[in-house]
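Here is the structure we will look at, set down as structure tokens.
The values are calculated or read from the model by the stated rules, or taken from the named source; none is laboratory data. Model, not experiment: these values are computed from the prediction. Neighbour counts are summed over all protein chains in view; Cβ atoms, including those assigned to glycine, are modelled from backbone coordinates with ideal geometry. We work out accessible area using only protein heavy atoms, side chains counted, and drop any ligands, DNA or RNA first. Shrake-Rupley method; radii C 1.70, N 1.55, O 1.52, S 1.80 Å.
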Amino acid sequence: MYRGVYTGFPFIECVAASFTAAAILLFLVVHNAAWFWIDLDIYESLNCRPLVAGRRWQFIGAWCLRELLALPIWILAVLGNEMLWRAETQDVTSWRSKMESLGDSIRRDGKGMTISSC
């Protein structure tokens, strides 16, 4: 029996797994860098000025915290049985077919959102 065929198999698996992991890591780094750059650009556009150097680390920390909390918040929203609709909290049944109002749980102060141009 010829055993030379199987001697390189673990090495090939290791190299293939390494290349796959490197490609995934490179994608994650590029993807998150682009996402951060876009969010920073939106922040600067809405403020009509560049980010001040003294607040840069505060922005980076807040951005990282927002990205880390996005998945847990989404999971809570999907698994929860209450939702806010037109200033009323609604209870969604387990069959997701009937909603019952739980009363007005938020206070409306009558102030609207205003958007100003730079």
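Details
- Net charge over other residues, Cβ less than 12 angstrom from the Cβ of residue 36 (K, R count +1; D, E count -1): -1
- Accessible area per residue in Å² at 1.4 Å probe, computed on the stretch 25-92: 83 Å²
- A straight chain from residue 13 to residue 62 at 0.36 nm per residue would run longer than the Cα-Cα distance by 13.6 nm.
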